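Following: one structure in structure tokens, then a few remarks.
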Amino acid sequence: MKKFFLSALCALTLGLMVTSCNDDDPVSNGSGTEETAFQGAILINEGSMGLNNAGVTFYDKVSGEVSELPQFSAMGDVANNGLLGSNGKVYVTLTNSKTLAIAEVKTLAGATLKQVSLDYQPRRMAEQDGYLYISCYGGYLLKFNMQSEQVESTLKLEGGQNLEGIAAVGQTLYVCNSYYVDEQGNYIYLDKILTVNLKDFTQGDTIQTVLNPNYLTMVDGHLFVLGFGDYDMTPYQIAEINTSNHESSYIAEGTKMCAWGKKLLFANSQTDWSNYPNVSTNTNFGAYDTTTGELNEKPFATMPESVSKESIYFLEANPDNGEILMGVTDYVTTSTVHLFDAKGQHQNSFDSKGMNTNGAIFMN
């Protein structure tokens, strides 16, 4: 059952940029006609483990339609994380496939996809100074040159096990060290964040924090970590990491989080798995203001009644206008995505056309 939790709760986010003088500028698609640059949101579909159905779908904010592209519908096995590079390219880690997918998407018709094989199972990424730093299972950290598209260096972190969330703050890299399985098959959950000095790519301090840390999120200069607990006695928890003295401070219970302006927006989906596959979920939300330190227990103004019983699989806020996308999953059918405006008012809901949609990026 714990293996199910870990596979089902993997997650990823994906970013994308269009380089255009104007978002509405038409672009030639090579057929003598012109295609408008894509605007809306890119939905990242984790897929189901072992089925090689991880992919990407595209939500058009004008038409309200979700499009599928063949080259992005079966990218590999378990898409865990996506990142928009400063070079305008999109990078996606495919854990079980041991690949890094590199996409260029300016228009839907012109979208291309390249895949680079890796030696280890990649999880999450952070960019700094022309490099992607990729956390991997087994305690390995990869330094990937974005120009040459090759792994330039590999660092085995001391004490590193299954590495997860990763964030670069200045010349320090923070990496979640989540868990390992012992010789008897027991899951041993850890409570450490490992640091790496990017100037010489060497290991630094170790930070004690919440149990089973998995995600790191930056909000207006503040670093937050989300730990998955032990799926039994210790719940999912969110803490703030002081990047000056490396102290960890508890914020709240939560299972998903994202930056929402100067606030940390989070969901807390508590599921009773005791009668699986007949499960029940209770979901609530919160927002932590990094300016005042206050918690808001009702950040959404309106919410579909069904959401309180749904499992939230991702939250993503538009950094430009504050719009929010929220995805839910039942691990069986394609995901439903809810759209909210900057005031937390529900706008509409739609099918992502993908399994276990766990990430989205807004295209303005």
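The values are calculated or read from the model by the stated rules, or taken from the named source; none is laboratory data. These numbers were taken from a predicted model, which means no experiment stands behind them. Cβ placement follows ideal geometry from the backbone for every residue including glycine, while neighbour counts extend to all protein chains displayed.
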Fill in: Those strands (runs of 3 or more DSSP E) lying entirely in segment 45-93 with at least 2 residues not assigned by TED's automatic domain parsing to the domain that holds MET326
79-84
Practice prompt. Considering only residues that are in contact with a Phe, Trp or Tyr (Cβ under 6 Å, 6 or more places away or on another chain) and in a loop (DSSP other than H, G, I, E, B), look in segment 190-215 and name the one that is farthest from SER249 (Cα to Cα).
Written response: ASN212
Discussion item. Quick test for you: out of SER335, SER280, SER311, SER274, pick the one residue that is at pLDDT below 95, surrounded by 12 or more Cβ atoms within 10 Å (Cβ to Cβ) and at negative phi.
Written reply: SER311
Response to the item:
Of the residues in segment 267-321, those that are of a type outside the set (Gly, Ala, Ser), closer than 22 Å to THR357 by Cβ and without any contact (Cβ under 8 Å) to a residue 12 or more places away in the chain come to PRO277, VAL279, GLU305
Discussion item. For the structure I just gave you, tell me whether MET218 is part of a strand (DSSP E or B) and either of a type outside the set (Val, Ile, Thr) or more than 23 Å from GLU127 (Cβ to Cβ) (or both).
Written reply: yes
Fill in: Candidate set: segment 291-309, residues that are of a type in the set (A, V, I, L, M) and over 15 Å from SER349 (Cα atoms); chosen: the one farthest from the chain's Cα centre (by Cα)
ALA301
Worksheet item: So how many residues does segment 55-95 have that are within 14 Å of the chain's Cα centre (by Cα) and aliphatic (A, V, I, L, M)?
Response: 8
Worksheet entry | Selection from segment 243-255 of residues that are surrounded by fewer than 23 Cβ atoms within 10 Å (Cβ to Cβ) and either part of a strand (DSSP E or B) or touching a strand residue (DSSP E or B) at 6+ places or on another chain (Cβ under 7 Å) (or both) | THR243, HIS246, SER248, SER249, TYR250, ILE251, ALA252, GLU253
Worksheet item: Within segment 283-307, restricting attention to residues that are assigned to a strand (DSSP E or B) and aromatic (Phe, Trp, Tyr), which residue is surrounded by the fewest Cβ atoms within 10 Å (Cβ to Cβ)?
Response: PHE285
Worksheet item: From the residues in segment 175-202 that are polar (S, T, N, Q) and over 26 Å from ASP129 (Cα atoms), which one is surrounded by the fewest Cβ atoms within 10 Å (Cβ to Cβ)?
Response: GLN184
Discussion item. Here's a check for you: in segment 71-91, which residue that is of a type in the set (Ser, Thr, Tyr) and touching a residue at least 40 places away in the same chain (Cβ under 8 Å) is nearest to TYR120 (Cα to Cα)?
Written reply: TYR91
Fill in: Odd one out for TYR231 among (1) modelled with pLDDT of 95 or more; (2) crowded, with 18+ Cβ neighbours inside 10 Å
(1)
